[in-house]
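So the structure is just underneath, and the comments pick up after that.
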Amino acid sequence: MTNSFPADSSATTLAPAAPPAAPAGWRWAPHWVLAFVALWPAPGYAEGVMVLGALAAIVMLSLVRFRGGTRLLSGQAWALTSVLFFAYWLPQLFSAFDSVDTARALREAAVDLRYLPFLWLVAMAVADDRGRRITFGGLAVVVAVWTVDALLQALTGTSPLFWGIDAIKQQISGRPMCPLDAGPMRDRLSGILGPCNLKLGIVLASLSPFALFVAGRRFGAAGWMVAAAAIGIVIVLAGSRASWITYALVLLFSGWRLLGWKRMLGVFAFGALIGGVLFVASPQVNERVMRTLQAAGGEQDDVDAALAGRTRIWGAATCMVRENPVNGVGARGFREAFPGCDPAPGEVAAWGEGPALHAHQIVLEILSETGVLGLLLWLAGAAMAWRAWRYASAAARRRARPAMLALAVTVFPLNTHLAFYSTFWGGLTLLLAALYAGSLLARERGTSDEE
């Protein structure tokens, strides 16, 4: 059969064309992301970097993106990044209309729109091979540096990095980063974040996939195990039991692909041995473990003590869900609504004076603060993220695996959590969501805009 299409020298244009190069300004996007993370010990400066990044994204998009062509990010990545943001932000907006302080809640929702252009910037940072190499490698370096610093604190009693930051702060303002009377938990390993910000364990647990994947790729199984042991010691000494669960999930899902199940059993056996040594050597680890074992008694008071008063908090959250089922009490309205739903009013709480600030559990936080409507929107976002993973190519899954694992363990529902609608933890979670969307749906080499 003869070909019905005439020969045409322009037929070669049917071959896939290389994507047009992104503007030179976007080559700095990975460094912007890393600066934001590296400045977390100084929240004000980190917030400033984020806002400047969002403004830069808006300016660049007005000059490039809205003039046509997906030169910066694939269409699917634009869509998924935006969907994940709105799955987070729309519950906050809808919950504001009848919250305890409607004007303040609407103002906070409006301010949080700044996250959207910054998330586009984050997704663009990992949209090509160079950007992913810089961003993921840089996050691995941040985790490694913070881990070494915390190990030095465990040995000497002082975090060199926090000491340096504190010295600079005192030179500038005459005030320390953290008052001397920071509280009863100054003996917990705090690292670069300092004794007034005891989030080191959970932050390292959430970011650890980036370090472990880099260690495994560059140094093989031995490198992965050394990195896993070092990070694990810091996380255990940091004292957050939620971070122990998070990190165990990271080890399980990152290690079995590299080591296989038999060697993974050996890793967990070695981890149990190290944990036993720390249990004997560290009074803080001993206290946390013994408090956890109290729950085995089965009595309500024992369980509540083991969970640091969280059963009381969860009882209050259930009351808020029952009384405000549609759109909750308002994002970040938990503390105002707590006295009216406190199951034990007048009794001294396990966490001390004052109301509970948030539900300490992602599902209860979403339901109590944003209602069933908020939970449905979060689930819709999770479904879209899962659908994107399910239908992605093997190469796409491979390049996005560190971000996927970091995001998955951070929002793992069978754990306790920090407040997802707080500036710090909400920003971290949205950052991971954008890294996931941008790396999974990155522009494939040799793919045209039309494909």
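The values are calculated or read from the model by the stated rules, or taken from the named source; none is laboratory data. Only a predicted model underlies this, so the values are computations on that prediction, with no experimental measurement involved. Positions of Cβ are backbone-derived with ideal geometry, glycine not excepted, and every protein chain shown enters the neighbour counts. Surface areas here come from the heavy atoms of the whole protein model, side chains and all, with no ligands, DNA or RNA. Shrake-Rupley method; radii C 1.70, N 1.55, O 1.52, S 1.80 Å.
Condition check ((1) out of contact with any Ser or Thr (no Cβ under 7 Å at 6 or more places or on another chain); (2) over 20 Å from M404 (Cα atoms); (3) without any contact (Cβ under 8 Å) to a residue 40 or more places away in the chain) across all residues:
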position: P43; (1), (2), (3): yes, yes, no
position: L72; (1), (2), (3): yes, yes, no
position: D98; (1), (2), (3): yes, yes, no
position: A103; (1), (2), (3): yes, yes, yes
position: F118; (1), (2), (3): yes, no, no
position: T135; (1), (2), (3): yes, no, no
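Being of a type outside the set (S, T, N, Q) and either free of Cβ contacts under 8 Å to residues at least 12 places away in the same chain or surrounded by 16 or more Cβ atoms within 10 Å (Cβ to Cβ) (or both) holds for only one residue in W351, W425, and it is W425. Among the numbered conditions (1) hydrophobic (A, V, I, L, M, F, W, C); (2) surrounded by 15 or more Cβ atoms within 10 Å (Cβ to Cβ); (3) at pLDDT below 95; (4) in a helix (DSSP H, G or I), the only one that L265 does not meet is (2).
The residues of the range 111-129 that are closer than 9 Å to P30 by Cα and open to solvent by 10 Å² or more (accessible area, probe 1.4 Å) amount to a single one, M124.
For L237, are the conditions met, namely being among the hydrophobic types (A, V, I, L, M, F, W, C), surrounded by fewer than 19 Cβ atoms within 10 Å (Cβ to Cβ), in contact with a helix residue (DSSP H, G or I) (Cβ under 7 Å, 6 or more places away or on another chain) and assigned to a helix (DSSP H, G or I)? For L237, the condition - among the hydrophobic types (A, V, I, L, M, F, W, C), surrounded by fewer than 19 Cβ atoms within 10 Å (Cβ to Cβ), in contact with a helix residue (DSSP H, G or I) (Cβ under 7 Å, 6 or more places away or on another chain) and assigned to a helix (DSSP H, G or I) - is not met.
Only one of (1) out of contact with any helix residue (DSSP H, G or I) (no Cβ under 7 Å at 6 or more places or on another chain); (2) part of a helix (DSSP H, G or I); (3) open to solvent by 50 Å² or more (accessible area, probe 1.4 Å) fails for G164. Which number is that? Every condition holds for G164 apart from (3).
Results for (1) among the β-branched types (V, I, T); (2) within 18 Å of L139 (Cβ to Cβ); (3) within 23 Å of the chain's Cα centre (by Cα), shown as yes or no for each residue.
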{"residue": "T158", "(1), (2), (3)": "yes, no, no"}
{"residue": "W163", "(1), (2), (3)": "no, no, no"}
{"residue": "G191", "(1), (2), (3)": "no, yes, yes"}
{"residue": "P209", "(1), (2), (3)": "no, yes, yes"}
{"residue": "A229", "(1), (2), (3)": "no, no, yes"}
{"residue": "G239", "(1), (2), (3)": "no, no, yes"}
{"residue": "S243", "(1), (2), (3)": "no, yes, yes"}
{"residue": "T246", "(1), (2), (3)": "yes, yes, yes"}
{"residue": "L252", "(1), (2), (3)": "no, no, yes"}
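Of all the numbered requirements in (1) of a type outside the set (D, E, K, R); (2) free of Cβ contacts under 8 Å to residues at least 60 places away in the same chain; (3) open to solvent by 50 Å² or more (accessible area, probe 1.4 Å); (4) within 14 Å of G271 (Cβ to Cβ), I245 misses one, and that requirement is (2).
For the range 382-395, the count of residues that are open to solvent by 20 Å² or more (accessible area, probe 1.4 Å), in contact (Cβ under 8 Å) with a residue 40 or more places away in the chain and closer than 21 Å to A211 by Cβ is zero. Scanning the range 397-421 for residues that are open to solvent by 10 Å² or more (accessible area, probe 1.4 Å), more than 15 Å from L364 (Cα to Cα) and not aliphatic (A, V, I, L, M) yields R397, R398, R399, R401, P402.
Listed here are the helices (runs of 4 or more DSSP H) enclosed by the range 28-103 that have at least 1 residues being at pLDDT below 85 and out of contact with any Leu (no Cβ under 9 Å at 6 or more places or on another chain): 43-63.
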